Amino acid sequence: MLRDYLELIRLPAVFTAPADVVMGFFFVTQVADFDATAALTLGLLVTASCLLYSAGMVINDLCDYREDCRDRPERPLPSGRVSRRAADRLGVRLLVAGVLTAVIVSVIVDSAAWEMAVCLCCVIVGYDLILKRTLAGPLTLGICRALNVLLGMSAVGENWEFCHFYIAGMIGLFVVGVSVLARGEAGRSRRAVVLLGIILMMAAVGLLAWLPNWRPLLVQSTHWYLFVVLMAILVAWRCHPAMVNPAPAVVQRTVGQSIRALVVLDAAITLAVAGAVPGVAVLLLLVPSVLLSRWFYST
């Protein structure tokens, strides 16, 4: 029973959500100021993010029920392992719990966390119920991820500058690319769509090259530019099989790898602005994501 629910929420992918939040948190918080209150705040923000992400996955499967009955009958809802009524209750409770957790953060540190959580909640529901099958679907998912980064940044209020929206937008653009790539994962994808997804992901990585212009980094600029180039090459290499053979299994595997690549991006940004310890902590989120992907699907 528990496995069925963990499968429903895409457990391996859940670990990519806190990576955004931790990166956003340390983008606006000095490591020297990381005290017990900051640790509690970060823990609550991570919890809120995971709850909202899981809610989105549950509601997504509820909305895709008929399609999954046809194309993915082995999944928890079409197979009957989890009832639609139980999934409906779970999705609502996860949404409410996520928002309430963010409200607690706002009470503790007088931040905009609850506002970001409410916005994220609305975008998640709007995507699943209305926008998913429209041209705005990938953009909406990108906005979800950008808001997730801003949720982490909300720990210090709303005094954001251009660089904060720049980083949130970069993560959002990468997810737009992943979403475009995933559009046809149930059937054979068109190469043009796969190529567009790859271009968008590489463009997002490329935008990182301008980060030193907007935010002082703890690493040398040359090292940062080298990372950007290597990350772009890695994205192209990982996505190349889907371009050559856009079969469902290949595209699904590429989408899963691209989702986990988000953790690498978050870790690199965290390391560059906050140091090795927070950066490595974010990168370690890959461990449960990769290990659990052997037993649970993430797309």
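Under the shape rule built on the C-alpha gyration tensor, where the axes satisfy a ≥ b ≥ c, the stretch 62-155 is oblate, since a/c reaches at least 1.5 while a/b does not exceed b/c.
Here the 3J(HN,Hα) profile of the stretch 123-134, calculated from phi with Karplus coefficients 6.51, -1.76 and 1.60 at θ = phi - 60°, is 5, 4, 5, x, 5, 5, 8, 10, 8, 4, 8, 9 Hz, Gly and Pro shown as x. In terms of the mean number of neighbouring beta-carbon atoms within 10 Å, the peptides 285-294, 15-24 order highest first as 15-24, 285-294.
Protection proxy ranking, highest mean first, for peptides 26-32, 212-218, 201-207: 201-207, 26-32, 212-218, where packing is the per-residue count of other beta-carbon atoms within 10 Å, averaged. Rounded to the nearest 20 debye, the dipole size of the stretch 169-299 about its Cα centre is 360 debye, using +1 on the Cβ of Lys and Arg and -1 on the Cβ of Asp and Glu.
The label-point distance for Val96 and Arg191, in a model that sets each label 7 Å from Cα toward Cβ, rounds to 5.2 nm. Backbone amide hydrogens, once placed in the peptide plane, bring Arg183 within less than 5 Å of nothing, excluding anything fewer than 5 places away on its chain. Classify the chain as rounded, prolate or oblate from the Cα gyration tensor: take a ≥ b ≥ c as the square roots of its eigenvalues, call it rounded if a/c is under 1.5, otherwise prolate when a/b beats b/c and oblate if not. Oblate is the answer for the chain, as a/c is 1.5 or above yet b/c matches or exceeds a/b. Using the Karplus relation 6.51 cos²θ - 1.76 cosθ + 1.60 with θ = phi - 60°, the per-residue 3J(HN,Hα) values for the stretch 226-234 come to 5, 4, 4, 5, 5, 5, 5, 5, 4 Hz, with x marking Gly and Pro.
Using unit Cβ charges (K, R positive; D, E negative) and no other charged atoms, how large, in debye to the nearest 20, is the dipole of the chain about its Cα centre?
Roughly 1200 debye, rounded to the nearest 20.
When you count the other C-beta atoms within 10 angstrom of each residue and take the mean per peptide, 144-152, 165-173, 249-257 line up highest first as 144-152, 165-173, 249-257.
Couplings 3J(HN,Hα) for the stretch 161-176, derived from phi with the Karplus relation 6.51 cos²θ - 1.76 cosθ + 1.60 (θ = phi - 60°), are 10, 4, 4, 5, 5, 4, 5, 4, x, 5, 4, x, 5, 4, 6, 4 Hz, where x marks Gly and Pro.
FYI, it's all coordinate maths here, none of it is from the lab. Worth saying up front: this structure is predicted, and the values here are computed from it rather than measured. Using ideal geometry, Cβ is built from the backbone for each residue, glycine included, and neighbour counts are taken over all protein chains shown.
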